[in-house]
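All remarks here apply to the structure that follows.
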Amino acid sequence: MTRAKLHEIIFEADTKKGKIFDIILLIAILISVFGVILSSVDSIEKDYGNILRFSEWIFTILFTIEYIFRIYCIKKPIKYIFSFMGIIDFLSIIPTYLVFLYPPIHVLVDIRAIRLIRVFRVFKLSRYLRGANIMQIALKSSRPKIIVFLLSVVLIVIILGTLMYIVEGQKNGFENIPKSIYWSVVTLTTVGYGDVVPLTTTGKFLASIIMILGYGIIAVPTGIVSAAIAKSAGKITTQSCRVCSREGHDLDARHCKFCGASLNN
């Protein structure tokens with residue numbers, strides 16, 4: 001089988017063979033994750049532990065072969081290896097091999113549940129696939145704005161936490177600036193554990209401002225991503241670039257929007 005044909009089956013769901021491969025892969029992931037969950041139950045582990053461990057090794061070997069094939073059929077393997085799904089694919093198999101060094105780590109294979117994201121590829125004509133790809137593209141395009149926003153939030157909680165330390169002081173539970181900053185984060189995110197509360201009038205007034213500000217901050221990233229989604233909306237396919245393995249191309253695209261490689265080769 002040629003690399004191009006193998007790539008078409010493994011990375012794309014536009015063909016019958018590609019869809020069948022994805023369905024089998026999803027079923028295998030579900031069974032594997034379910035097995036790991038069951039193994040954490042003492043009564044089940046006692047009676048069926050050996051069977052569950054054997055099946056886990058079978059799945060891990062199969063997923064390892066799949067991972068090797070994914071690397072093989074990509075023209076630039078490094079692009080796939082260090083991509084989001086490439087890292088997830090690797091992390092989904094490595095815990096089983098590390099079980100000899102640290103046995104409890106085998107439960108981390110549950111991370112392969114993230115691979116179920118590929119379920120959207122099977123329904124490539126549905127609005128769910130388009131929505132998933134549009135969301136992914138929107139999040140990537142919004143990254144600079146979100147980073148700036150998060151940095152601004154960090155600065156806000158540092159300043160507000162320091163102010164609360166000055167206003168309330170150690171006698172009211174704000175023992176140091178780090179603890180005051182932690183209180184500021186908890187309050188700003190509207191969690192409010194209530195383990196430390198301001199007692200002075202000035203402190204309560206400042207806390208009220210922080211709480212109100214918290215509700216306003218929640219809306220900011222939502223607006224950023226929503227705007228990006230509106231720009232990214234359109235018809236896209238599950239076709240994957242053979243060079244960089246990225247998806248999310250338009251229906252009439254002939255070249256990859258990320259690396260410029262031809263999509264027809």
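What follows is calculated from the coordinates using simple rules that are stated; it is not laboratory data. Source: prediction; values computed, not measured. Glycine also receives a Cβ, built like all others from the backbone with ideal geometry; neighbour counts cover every protein chain displayed.
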Restraint check, LYS140/LYS204; LYS75/LYS145; LYS79/LYS140, Cα-Cα greater than 28 Å: LYS140/LYS204; LYS75/LYS145
Hz values of 3J(HN,Hα) by residue in segment 203-212 - Karplus curve (6.51, -1.76, 1.60), Gly and Pro given as x: x, 5, 5, 5, 5, 4, 4, 4, 5, 5
Placed amide H near HIS255: partners under 5 Å, 5+ positions off or other chain: LEU263
Spread of Cα-to-Cα distances over 5 Å intervals beginning at zero, given as percent, for segment 3-122: 2, 11, 20, 23, 19, 12, 7, 4, 2, 0
ASP47-ILE217 FRET efficiency (beta carbon distance; Förster radius 51 Å; 0.05 resolution): 0.50
